[in-house]
């Protein structure tokens, strides 16, 4: 027998979820777009259908799960009658299906939930000339850390916002702009409700990031965060503060990225860090990366406890439609009394 | 696991895989570029310092555009460059003062994003890089001689320039092979940019020119 029982089970699982889903989504969306070409007639509108099937295998517990999504990605620029652009609308609406996901984010109801998520859905109005001041209103990414420049929504590769701040997205308003000397900023006031709007109006987040770019490929950013938030699945409130530093530089085919933050969740002290080195070929079709993450906390009157995690990943973009990714995540050291975990993830993504 | 189960899975997979690949084959007609939709805001004001705002014009670049470019010069745009792209019109108050368009080229260490400034006759005004990992990019951008070489030239003039058998690089570039390779890449990018702009945005540019006259 060439194939073991476990590998056949894995194959059967991924086959049934990935290929069947891709086929159905691909066919239905193509048919849908045959009759939806009117979108192309709207001025200054760029759009894409985005389909993704992501499988996760927890090696320690022999547990399989997957997250599939079908989304519409829109980018529309509004222009005044005098010819100037006045606002940019971004809408990323995704129908997302969980299948057997044990550690699901708190905005899902259960491990097999089906939910519509408005990922980044906001409009950014231009207030001052030369891009000096704009105001963004809607659902956006909290301006903090590497995620601000490198959008990882819906991908296996992730930076620190989720594990450090408790979420990436929030509803609110943000002032943002660019300066001719290579500077940029965003200052956000948001509801602290995360993905959902929520009827709890007592939570909030104030966050901000300033950055300076160097040359064509490097930047350094400084971020701050304060949130009065509810803990997931409880009615307990928490004061969360962070300050962070992030940066990116590139040498030949290599890129080095890092982010570091310190702060508090009430009286618990926290330190988070992430280091990534990646390499790509000159057509950028193939990217390999290694990430090393640390998460340390110190409860009041206790000693520091640290978790060390590594990820090794690859992303292959054969053409402008397909993205195939794989990632192995391994806990080098878990928190005390917690078992180390190791997992494999693969993702097939198709945009058109 | 029984042999029949393996055969069932494999036969079902082959049917599904065939259908998936069939879909892949039929899909490109509806595809758009998978790009980051990055607005080159800072670069618009760098290339046109007197600009106070800008206007975006989105247009779809098709295989027809690709063929038209090929009919005019010995090379064309890559398949990955097809799809919806944005042309920016730099404005001073209500007056259009120039065109900004960015295109990507494959460099030594990754894609090079070149941001081009053109006048309304589609002659090169200036350029800068939005993204480049090569040291030669900085040297080339700072080279006044290279800028003078391409400034004010149309796609036809630039095409004639690089197709000259005795094309000679300016003295400060002549001994640097990396810069020479990059310089030719940049000139080809300028030619493609001017031609693609002329083919794809012709009507909109005529109406902007007409309003300005």
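The values are calculated or read from the model by the stated rules, or taken from the named source; none is laboratory data. Just so we're clear, the structure is a prediction, and the values are computed from it rather than from any experiment. Cβ coordinates were reconstructed from backbone atoms using ideal geometry, including for glycine residues, and neighbour counts include every protein chain displayed.
In segment A:198-211 there is no residue matching the filter, namely being surrounded by fewer than 16 Cβ atoms within 10 Å (Cβ to Cβ), more than 22 Å from the chain's Cα centre (by Cα) and at pLDDT 95 or above. The single condition among (1) at pLDDT below 95; (2) crowded, with 17+ Cβ neighbours inside 10 Å; (3) farther than 30 Å from residue A:49 by Cβ that residue A:331 does not meet is (1).
If I go through segment B:106-134 residue by residue, how many of them are touching a strand residue (DSSP E or B) at 6+ places or on another chain (Cβ under 9 Å) and closer than 25 Å to residue B:178 by Cβ? Steps first, answer last, please.
If we filter segment B:106-134 for residues that are touching a strand residue (DSSP E or B) at 6+ places or on another chain (Cβ under 9 Å), which is where we start, we get B:106, B:109-120, B:122, B:124-134.
Among the residues that remain, those that are also closer than 25 Å to residue B:178 by Cβ are: B:106, B:109-117, B:124, B:126-134.
Going through segment B:106-134 one residue at a time, the tally reaches 20.
Within segment A:143-196, the set of residues being out of contact with any strand residue (DSSP E or B) (no Cβ under 7 Å at 6 or more places or on another chain), within 14 Å of another protein chain (Cβ to nearest Cβ) and under 18 Å from residue A:247 (Cα atoms) comprises A:150, A:151, A:152, A:181. Just name the residue that is surrounded by the fewest Cβ atoms within 10 Å (Cβ to Cβ) out of those in segment B:45-59 that are in contact (Cβ under 8 Å) with a residue 60 or more places away in the chain and in contact with a helix residue (DSSP H, G or I) (Cβ under 8 Å, 6 or more places away or on another chain). Ranking the candidates gives B:59 first.
Among the residues of segment A:75-86, is any more than 24 Å from residue A:177 (Cα to Cα) and free of Cβ contacts under 8 Å to residues at least 24 places away in the same chain? No; the residues of segment A:75-86 include none that is more than 24 Å from residue A:177 (Cα to Cα) and free of Cβ contacts under 8 Å to residues at least 24 places away in the same chain.
Please count how many residues of segment A:267-284 are exposed (fewer than 14 other Cβ atoms within 10 Å of the Cβ) and either more than 14 Å from chain B (Cβ to nearest Cβ) or touching a residue at least 24 places away in the same chain (Cβ under 8 Å) (or both). The qualifying residues number 2. Regarding residue B:117, is this residue more than 11 Å from chain A (Cβ to nearest Cβ) and in contact (Cβ under 8 Å) with a residue 60 or more places away in the chain? Yes: the conditions hold for residue B:117. Hey, does segment A:223-233 have a residue that's over 21 Å from the mean Cα position of the chain (by Cα), more than 30 Å from residue A:135 (Cα to Cα) and surrounded by 18 or more Cβ atoms within 10 Å (Cβ to Cβ)? No, segment A:223-233 has no match at all. Just a yes or no: is a residue in segment B:152-161 touching a helix residue (DSSP H, G or I) at 6+ places or on another chain (Cβ under 6 Å) and free of Cβ contacts under 8 Å to residues at least 24 places away in the same chain? Within segment B:152-161 (the criterion being touching a helix residue (DSSP H, G or I) at 6+ places or on another chain (Cβ under 6 Å) and free of Cβ contacts under 8 Å to residues at least 24 places away in the same chain), the answer is no, since none of the residues qualifies. Within segment B:123-142, restricting attention to residues that are buried (at least 22 other Cβ atoms within 10 Å of the Cβ) and within 17 Å of residue B:195 (Cβ to Cβ), the residue that is nearest to the other protein chains (Cβ to nearest Cβ) is B:127.
For segment A:249-264, the set of residues classified as assigned to a strand (DSSP E or B), more than 17 Å from residue A:155 (Cβ to Cβ) and either at pLDDT below 95 or within 14 Å of chain B (Cβ to nearest Cβ) (or both) consists of A:249, A:250, A:251, A:254, A:256, listed by residue number.
Scanning segment A:109-134 for residues that are free of Cβ contacts under 8 Å to residues at least 40 places away in the same chain and over 30 Å from residue B:41 (Cβ atoms), we see that the one that is farthest from the other protein chains (Cβ to nearest Cβ) is A:109. Restricting attention to segment A:234-244, which residues are surrounded by 12 or more Cβ atoms within 10 Å (Cβ to Cβ) and either over 13 Å from residue A:203 (Cα atoms) or modelled with pLDDT under 90 (or both)? Passing the criteria: A:241, A:242, A:243, A:244. Would you confirm whether any residue within segment A:183-194 is part of a loop (DSSP other than H, G, I, E, B), surrounded by 19 or more Cβ atoms within 10 Å (Cβ to Cβ) and touching a residue at least 40 places away in the same chain (Cβ under 8 Å)? Yes; the residues of segment A:183-194 include at least one that is part of a loop (DSSP other than H, G, I, E, B), surrounded by 19 or more Cβ atoms within 10 Å (Cβ to Cβ) and touching a residue at least 40 places away in the same chain (Cβ under 8 Å). Checking the structure you have, find out if any residue of segment B:13-20 is closer than 24 Å to residue B:179 by Cβ and at pLDDT below 90. The answer is no, given that none of the residues of segment B:13-20 is closer than 24 Å to residue B:179 by Cβ and at pLDDT below 90.
Checking each residue in segment A:309-329 for being within 12 Å of chain B (Cβ to nearest Cβ) and more than 18 Å from the chain's Cα centre (by Cα) picks out A:317, A:318, A:319, A:320, A:321, A:322.
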